[in-house]
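Chemist: Just passing along the structure, written as structure tokens.
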Amino acid sequence: MATQVEIEKRVTQIFQWMLEPLSRTEILQKGSEMWGVSERQIDEYSSRSTKLIHDLVQKERPYKLHEIIKKLDLIYEKAMHQGVAKRTRDGYSVVYVADMQVARQALMDQAKLLGMVVDKIQPIGEGAFDDWDTKDLEEHATH
């Protein structure tokens with residue numbers, strides 16, 4: 001039976017294999033050859049390794065989100081202040097032209113990352129307006 005230290009080393013090894021990335025079959029084969037344990041035991045180690053990866057990603061998430069938003073800010077700024085060389089009588093001059101489509105997309109991507117945008121419009125279903133009085137609607141529409 002493996003000690004707690006040996007188990008932690010095995011979990012760490014599987015963690016590294018997952019990052020390579022090796023397939024489950026490859027991990028099972030390597031683990032079986034190295035440690036002489038069952039498939040079930042290697043799956044247990046893999047489960048613990050997966051939790052380590054998940055925990056690491058959760059810890060890094062706020063930093064990555066901040067990094068992505070900073071990059072989107074830079075894209076937005078560049079899109080709004082692109083310099084284009086224009087020929088003039090005296091030679092060339094730089095004219096700043098905004099790329100509104102790129103700027104808008106950068107803002108939309110930020111809003112999505114921050115949970116401020118819904119990607120889909122949900123249908124409200126049949127009968128949603130059945131209790132409305134159509135005469136009232138027609139009257140409001142004419143005023």
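FYI, it's all coordinate maths here, none of it is from the lab. As the structure is a computational prediction, the values presented were derived from the model and not from experiment. In this analysis, Cβ positions are derived from the backbone assuming ideal geometry, glycine residues included, and neighbour counts consider all displayed protein chains.
Chemist: Less than 16 Å from a label point 7 Å out along the Cα-to-Cβ axis of SER32: which backbone N atoms in region 45-71 qualify, by residue?
Modeler: Output list for this probe position: 45-46.
Chemist: For region 4-113, with the dipole built from +1 on Lys and Arg beta-carbon atoms and -1 on Asp and Glu ones, taken about the Cα centre, which of ILE42, VAL97, TRP17 lies farthest toward the positive end?
Modeler: Of ILE42, VAL97, TRP17, it is VAL97.
Chemist: Give or take rounding to whole Å, what are the principal axis extents of the alpha carbon atoms in region 4-113, in descending order?
Modeler: Over region 4-113, Cα extents along the principal axes are 81, 27, 22 Å.
Chemist: Do the alpha carbons of any pairs in LYS78/LYS112; LYS64/LYS86; LYS51/LYS78 sit beyond 29 Å of each other, and which pairs?
Modeler: Listed pairs above 29 Å: LYS64/LYS86; LYS51/LYS78.
Chemist: Another question about this same structure. Would you mind calculating the gained length between ARG48 and SER23 on full extension (0.36 nm times residue separation, minus the Cα-Cα distance), in nm to one decimal?
Modeler: 7.4 nm
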